[in-house]
Amino acid sequence: MNAMSARKILVVDDEKNQREILQLILSGERDDDGAALYDVKTASSGQDALRFFRSESFDLVLTDLKMAGMDGIQLLNELSQIDSSTPVILMTAHGSIDSVKEALRGGAFDYLEKPLDRAKLLEVISQAVSQMRAVDEEIVGASEPMERVKKMIVKVAHSNSTVLIRGESGTGKERVARAIHKASQRVNERFQAVNCAAINENLLESELFGHEKGSFTGAVSEKKGLFEIADKGTLFLDEIGDINVNMQAKLLRALQEKEILRVGGTRPIKVDVRVLAATNRDLESMVKDERFREDLYYRLNVIPINIPPLRQRLKDIELLTDYFLRKHSANAARPIKISPDAKKLIMEYAWPGNVRQLESAIERALLLAEGDEITIEDMPVEIRAASQTEGAGGFKLPPEGISFEDLEKSLILQAMEQTGWNITRSAKLLGLSFRTMQYRLDKFGIKRPARIKGSAEDEDFDENNAEQSDLSSL
Ligand SMILES: Nc1ncnc2c1ncn2[C@@H]1O[C@H](COP(=O)(O)OP(=O)(O)OP(=O)(O)O)[C@@H](O)[C@H]1O
Ligand SMILES: [Mg+2]
């Protein structure tokens with residue numbers, strides 16, 4: 001969203017006076033260029049508000065608590081049935097603190113005490129808006145589902161609830177986690193990410209919780225774990241579906257008690273850490289199969305955020321393409337455009353590796369482009385080849401000039417990108433054995449690009465321990 005466009009606020013109050021005052025105050029707010037900051041709409045009852053809410057989207061709802069008919073809390077519940085991502089601020093008379101607590105539990109964003117104080121009102125709203133701005137800067141996307149994800153981020157940012165972020169590989173799970181941190185009050189503290197799948201099971205405990213000196217062979221000195229390191233900040237547990245049952249129990253304890261025990265330690269250590277987690281595994285069926293603790297699942301899944309695959313967000317493909325063009329040609333003197341047929345290809349491709357794959361395709365195309373335009377020839381071969389296939393399973397011959405080897409290599413690359421460079425999963429995707437996959441990776445000299453993060457992960461990609469560590473993440 002354009003930073004300059006006014007934020008839409010829905011004001012709900014059954015008192016006419018109150019509505020008018022709020023309307024006046026809010027629509028009077030201007031930015032430095034004199035443009036209105038807020039676009040205010042008023043509703044005189046919960047019913048009215050719901051009617052508006054169903055037909056248009058708002059950035060923020062400001063509602064009175066005590067209203068004839070449907071009260072603020074009922075409205076809050078109804079609103080969240082329709083769209084749980086929109087932040088709701090409740091206005092309540094001094095003294096009804098119990099209802100406020102109930103409301104905050106029910107998902108209200110914040111509350112304001114009545115009689116309203118103009119400065120306080122504007123402060124709470126501008127705080128919400130600056131959070132929206134922080135999220136807009138981090139998350140490129142204007143499709144309807146991403147608008148919802150962005151609002152959800154704003155809404156949950158300043159709570160301490162655990163958020164479980166789901167989505168296919170490369171959809172932006174880590175990006176969303178960072179956005180939550182940036183929009184939160186912990187922004188000036190640490191954001192610590194840890195890839196649970198990349199760390200050997202035995203080491204994960206000491207990595208997360210630390211260890212005391214001499215607690216195991218090799219523990220020559222005491223060491224702080226990531227929970228302690230991230231104290232006051234945010235800890236992002238990536239690939240949470242990959243931790244073993246033993247660690248699941250220890251993690252649950254840490255989340256519940258808000259304290260940790262170092263390996264070999266006896267003294268619990270208090271930590272104040274906001275935990276975010278991500279996975280693209282089917283945790284629900286893992287719970288059913290007793291491979292993932294149900295209690296931990298509920299503890300993590302307090303707030304779920306689902307990021308849809310890129311192919312379901314056409315509008316975002318366009319925005320992200322522009323964004324990556326700008327990002328990766330920042331140093332080039334000449335502006336780079338995309339030819340209409342290359343653009344068509346980008347819009348029609350299925351992007352199995354999602355945003356990550358799009359970024360790498362644009363990056364590669366920029367390197368190949370001659371002149372000031374990316375043409376279809378500059379696009380990665382696997383994407384060009386895909387445009388030649390039609391309908392379900394009906395492969396057509398690739399365009400002239402693409403050899404069988406090129407095609408094979410591109411399929412392998414595509415599978416690796418789609419699975420975030422996981423050999424086992426890539427092999428499965430292509431119906432190959434692990435060994436055949438490994439053989440082909442070697443044959444084509446395919447290496448994980450440096451921009452794919454994770455030094456610990458690199459170990460499972462190279463050399464002899466590839467099979468072992470890769471399989472341990474199953
Ligand atoms: N909405 C977005 N706006 C800008 N950049 C994005 C967006 N979504 C993803 N990206 C970029 O795409 C790449 C992949 O995103 P990210 O690492 O967050 O995905 P992921 O879902 O964590 O993937 P994986 O499951 O493989 O770990 C990153 O470089 C990230 O910065
Ligand atoms: Mg990730």
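The values are calculated or read from the model by the stated rules, or taken from the named source; none is laboratory data. Note that the coordinates shown come from a computational prediction; the quantities given were computed from them, not determined experimentally. With ideal geometry, Cβ positions are generated from the backbone for all residues, glycine too; neighbour counts draw on all protein chains shown. Accessible surface areas use protein heavy atoms only, side chains included; no ligands, DNA or RNA. Shrake-Rupley method; radii C 1.70, N 1.55, O 1.52, S 1.80 Å.
Could you work out how much longer the chain between T266 and Q74 gets when fully extended? Use 0.36 nm per residue separation minus the Cα distance between them, nm to one decimal.
64.4 nm
Calculated FRET efficiency, Q438 and R175, Cβ-Cβ r, R0 35 Å, to nearest 0.05?
0.70
Once amide H atoms are built 1.01 Å from N in the peptide plane, which residues 5 or more positions from M91, or in another chain, come under 5 Å H to H?
Those qualifying (amide H under 5 Å, at least 5 residues apart or on another chain) are T63, D64, L65, L112.
Which of S206, A450, I269 sits farthest toward the positive end of the charge dipole of the chain, with +1 on the Cβ of Lys and Arg and -1 on the Cβ of Asp and Glu?
I269
I need the GluC sites (Glu not before Pro) found in the stretch 286-355, filtered to DSSP loop residues with at most 14 other beta carbons within 10 Å of theirs.
Of the GluC sites (Glu not before Pro), the ones in loops of the stretch 286-355 whose Cβ has at most 14 other Cβ atoms within 10 Å are E290.
Could you give the size of the charge dipole of the chain about its Cα centre, using +1 on the Cβ of each K and R and -1 on the Cβ of each D and E, expressed in debye and rounded to the nearest 20?
600
Mind checking the alpha-carbon convex hull of the chain and giving the volume per residue in Å³?
189
Ranked from highest to lowest mean number of other Cβ atoms within 10 Å per residue, what is the order of the peptides 146-155, 308-317?
Working: 146-155: 22.6, 308-317: 18.2.
Averaged packing, sorted descending, gives the order 146-155, 308-317.
I need two numbers for the stretch 245-317: Rg to one decimal and Dmax as a whole number, Cα atoms only, in Å.
16.1, 54
With every protein chain in place, what's the accessible area of K101 (1.4 Å probe, Å², nearest 10)?
K101 has an accessible surface of roughly 120 Å² with all protein chains in place.
Which one of P304, I243, V100 has its Cα pushed farthest toward the positive end of the charge dipole of the chain, where Lys and Arg give +1 and Asp and Glu give -1 at the Cβ?
The residue sitting farthest along the positive end of the dipole is V100.
Could you check what % of the DSSP bridge pairs in the stretch 144-307 are antiparallel, to the nearest 5?
If we restrict to bridges inside the stretch 144-307, about 15 percent are antiparallel.
Taking all pairs of distinct Cα atoms, average 1/r, flip it, and tell me the Kirkwood hydrodynamic radius of the stretch 100-245 in Å to one decimal place. Display every interim value, and only then the final one.
Values: mean 1/r = 0.0567 Å⁻¹.
With all distinct Cα pairs of the stretch 100-245 included, I get 17.6 Å.
What's the carbon and sulfur percent of the chain's accessible surface, probe 1.4 angstrom, rounded to a whole number?
Its accessible area is 49 percent carbon and sulfur atoms.
Under a plain spin-label model, where a point goes 7 Å from the Cα along Cα-to-Cβ, how far apart in nm are A93 and V220?
Going by the 7 Å Cα→Cβ label model, 7.0 nm.
If you wrap the stretch 7-135's Cα atoms in a convex hull and average its projection over all directions, what's the area in nm²?
For the Cα atoms of the stretch 7-135, the hull's average projected area reads 7.6 nm².
Can you report the principal axis dimensions of the stretch 253-384 using only the alpha carbons, biggest first, rounded to whole angstrom?
65, 34, 24
Tally the DSSP beta bridges in the chain and give the antiparallel ones as a percent, rounded to 5.
Just about 15 percent of them are antiparallel.
Relative to the longest principal Cα axis of the chain, at what angle does helix 354-368 sit, 0 to 90 degrees, rounded to 10?
So the helix axis and the longest Cα principal axis differ by about 60 degrees.
I'd like to compare 189-196, 52-59: which one has the highest average count of other Cβ atoms within 10 Å, and what's the full order after that?
Packing proxy ranking, top to bottom: 189-196, 52-59.
So which of K151/K270; K120/K150; K41/K114 end up more than 28 Å apart by C-alpha?
K151/K270
Multiplying the sequence separation of E113 and K232 by 0.36 nm and subtracting their Cα-Cα distance, what value in nm do you get?
40.0 nm
Leaving out ligands and nucleic acids, note down the accessible area per residue over the chain with a 1.4 angstrom probe, in whole Å².
49
Taking the square root of 5 times each eigenvalue of the Cα gyration tensor, what semi-axes in Å does the equivalent ellipsoid of the stretch 337-383 have, largest first? Walk me through the numbers before you get to the answer.
Numbers: eigenvalues 56, 27, 13 Å².
Equivalent ellipsoid semi-axes, largest first: 17, 12, 8 Å.
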